[in-house]
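Please read the structure below before turning to the comments.
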Amino acid sequence: MIIPLLFFSSGWSVKEAIETPIHPPGARRSALITFKGETKTKKQWSLLLGDNEALVANRIKQGWNIKRAITEIPRGYKCHI
C-alpha cells in the first residue's frame, strides 16, 4: 500500500493515514473533529479560540494539522479552551 506524502506532511500518524478513507473530489467531508476526547464542529472549535467562526476551517484549508489548528491561539484573543 502506498500512503501519500500529504498525510505525513499534514501531521497525520501512520495509523490515521492508513485507516482514514480518502474522499472523492467534491464529496463533503465530516464537519466533526475529535481532539483529546472531545468532539465538536469546526465552528465550535473556532469559537473556543475567539470570535472567528471559520478560523479552524480556514487553517485546515491552509494545510495546518488538526492539533495546530485547534490549539494555536490567534494573536490578540483570549482562549476559552
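What follows draws every value from the coordinates through simple rules; no lab data is involved. From a predicted model like this one, the values you see are computed outputs, not experimental measurements. Virtual Cβ from ideal backbone geometry, glycine too; neighbours counted across all protein chains shown.
Things worth noting here:
- The simple spin-label model puts a point 7 Å past each Cα toward its Cβ; for LYS67 and THR39 those points are separated by 2.2 nm.
- Here the extension length gained between LEU32 and ASN58 equals 7.9 nm, from 0.36 nm per residue of separation less the Cα-Cα distance.
- Charge dipole (the stretch 31-81, unit charges on Cβ, about Cα centre) - positive-most of ASN52, TRP64, ILE33: TRP64
- When the pairs LYS15/LYS43; LYS40/LYS67; LYS15/LYS61 are compared against a 20 Å limit on Cα-Cα distance, LYS15/LYS43; LYS15/LYS61 fall above it.
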